[in-house]
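Step one of this worksheet: look at the structure below.
Values in this text are rule-based calculations from the coordinates and carry no lab data. Values in this document were obtained by computation on a predicted structure and should not be read as measured data. Cβ: placed from backbone, ideal geometry, glycine included. Neighbour counts: every protein chain shown.
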Amino acid sequence: MAKEVQPKIDEWEQNGCYDKAVFKRMGDLGFLGLSYPAGYGGQAADIKMSLVFWEELCRPGALGFPMSVMVHTDMASPSLARVGTPEQKERYLKAVCSGAKVMAIAITEPNHGSDVANIETRAVREGDYYRVNGRKMFITNSTRADVVNTVVRTGGAGYKGVSLLLIDADTPGLSVGGKLDKMGMWSSDTAEIVFEDCLVPGTNLLGKEGEGFYALMAGLERERLSACALSYMGAQIALEESIKYAKSRTQFGKSIIGHQVISHLIADMATEVEAGKRLAYHAASLYDSGIKCNKEVSMAKLFCTEMALRVINNAVQIHGGYGFVRGFAVERLYRDARLATIGAGTSQIMKQVIVREMGLR
Ligand SMILES: Cc1cc2nc3c(=O)[nH]c(=O)nc-3n(C[C@H](O)[C@H](O)[C@H](O)COP(=O)(O)OP(=O)(O)OC[C@H]3O[C@@H](n4cnc5c(N)ncnc54)[C@H](O)[C@@H]3O)c2cc1C
């Protein structure tokens, strides 16, 4: 990250996306298949290995590029590894691990975000193909992806009518809209994907018809833990930047860290980061032990993402006017971290899950 990503990150932020060649490079280094079986080019490691990887991805100080990698490794591909046929894994999972193909996941639609069970994109079986029509919104990696794991409706209303289709990005009828001009996460591309009479081979159905919702839900822990790492690392870097700045900035005859209000603010920030990280590692330990941890993962996701907003907000405050200026790390982190309470399940949805897991609804 320090040698090959850090020097490029500003350029990627300006361009609104990473350079695709970095995926191949990461694949060659063995980074992209940490959790996948060795037979497909992975390392079959535990989730704590992924936590460390996610943390290091964030080190260059921009959260967009890490998010794009996490989408590829831990949001778009887990259902392929879980329910894909041997042929699908041979064709797609190997390419995910090697970085030869970039993967996106298309769940969200213009009219359906949190309410995944009610998505409208239709896939109608016609002989050996599915005819797909619909629109997907806010899709990460969409302008770079080679394959899109697409959530479609093959059956009736509700979650039982939902299936997953692996759709090659060059399939006629699939088009990608212009990149969305976002508040933050600039080194990650986000766009709309439109399907107009897009014919997808029936062999690209992932899992069974009508079981797509379950396959998606089974991967949520990984997705949410990656959002935790993104958030506590954003906060950690903002904390480190704040300490550096507070030591070097002099006001009223002494460095501002010498003003107790500032040093105590830093103590609070450090405590919050530590608490978030420990919650995430605790949930990861449960996950690695095979213990049900939906509640703990949701608590960690809720806490880490909201905590990052508080901590980075304080980091901007410690930087004074400079914290508001482009080129200062905390300014970018402030914008980037804002997404985390929205993506991978909003804070409100996390609370719904926690309440449900507590048996209160
Ligand atoms: C930069 C970016 C990248 C993204 N990448 C992807 C991607 O790669 N693939 C993908 O499929 N999607 C992606 N998304 C979409 C993201 O997952 C959704 O934005 C998110 O799920 C929320 O959906 P929504 O925006 O439609 O908000 P809505 O679901 O409409 O929610 C709006 C508000 O209502 C609240 N709300 C909704 N339902 C309830 C409820 N039952 N109880 C209480 N409050 C509720 C929400 O918490 C929120 O505050 C991305 C979004 C962004 C901005």
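Summary table
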quantity: Dipole magnitude (debye, nearest 20) for the range 103-207, charges at Cβ of Lys, Arg, Asp, Glu; calculated: 260 debye
quantity: Net lengthening on full extension, E274/V325 (0.36 nm per residue, minus Cα-Cα); calculated: 15.6 nm
quantity: For the range 293-361, the Rg and Dmax computed from alpha carbons only, in angstrom; calculated: 15.0, 47
quantity: Helix-only mean residue ellipticity at 222 nm for the chain, each DSSP H run of n ≥ 4 adding -39500 (n - 2.57), per residue, nearest 500; calculated: -13500 deg cm²/dmol
quantity: Neighbour-count order for H112, H319, H259, fewest beta carbons within 10 angstrom listed first; calculated: H259, H112, H319
quantity: Extension reserve of the E4-T250 stretch, reckoned as 0.36 nm per residue once the Cα distance is removed; calculated: 85.1 nm
quantity: Centroid-to-centroid separation of the range 263-279 and the range 67-89 [C-alpha atoms, Å]; calculated: 34 Å
quantity: Prolate/oblate/rounded call for the range 95-144, Cα gyration tensor, a/c under 1.5 rounded; calculated: oblate
quantity: Mean Cα-pair separation over length for the range 6-98, i.e. relative contact order, pairs under 8 Å, 6 or more apart, %; calculated: 33 percent
quantity: Mean Cβ neighbour count within 10 Å, used as a protection proxy, ranking 135-141, 176-182, 247-253 highest first; calculated: 135-141, 176-182, 247-253
quantity: Taking the chain and dividing mean pair separation by its residue count, relative contact order in percent (alpha carbons under 8 Å, at least six apart); calculated: 17 percent
quantity: Unit charges at the beta carbon, dipole of the chain: most positive-side option, C293, V147, M49; calculated: C293
quantity: 0 to 90° range, to nearest 10: angle between helix 220-248 axis and the chain longest Cα axis; calculated: 20 degrees
quantity: Length added when fully stretched, V194-K24, from 0.36 nm per residue minus Cα-Cα; calculated: 58.5 nm
quantity: Most mobile listed residue (P172, P60, P78) in the chain, GNM with C-alpha springs under 10 Å; calculated: P172
quantity: Three-way shape label, the range 103-207, alpha-carbon gyration tensor, a/c 1.5; calculated: oblate
quantity: The chain: Cys lacking any partner C-beta under 4.7 angstrom; calculated: C17, C58, C97, C198, C293
quantity: Debye, to nearest 20: dipole size of the chain, +1 on Lys, Arg Cβ, -1 on Asp, Glu Cβ; calculated: 640 debye
quantity: Calculated on alpha-carbon atoms, Rg and Dmax of the range 244-361 in Å; calculated: 17.5, 57
quantity: Estimated FRET transfer efficiency when R0 is 30 angstrom, pair A38-Q348 (beta carbons, to 0.05); calculated: 0.15
quantity: The chain - Rg (one decimal) and Dmax (whole number), Cα, Å; calculated: 20.9, 79
quantity: Packing-based ranking, highest mean first, of 322-329, 61-68, 35-42, 217-224 given that Cβ atoms within 10 Å are counted; calculated: 61-68, 217-224, 35-42, 322-329
quantity: Subset of K48/K244; K136/K179; K3/K301 violating a 23 Å alpha-carbon distance limit; calculated: K48/K244; K3/K301
quantity: Pairwise FRET efficiency - D115 versus M183, Cβ, R0 = 22 Å, nearest 0.05; calculated: 0.40
quantity: Listed residues K292, K277, K101, most fluctuating in the chain (Gaussian network, C-alpha, under 10 Å); calculated: K292
quantity: Fraction of beta bridges assigned by DSSP in the chain that are antiparallel (%, nearest 5); calculated: 85 percent
quantity: Per-selection Rg to Rh, the range 173-307 - Cα, Kirkwood hydrodynamic radius; calculated: 1.16
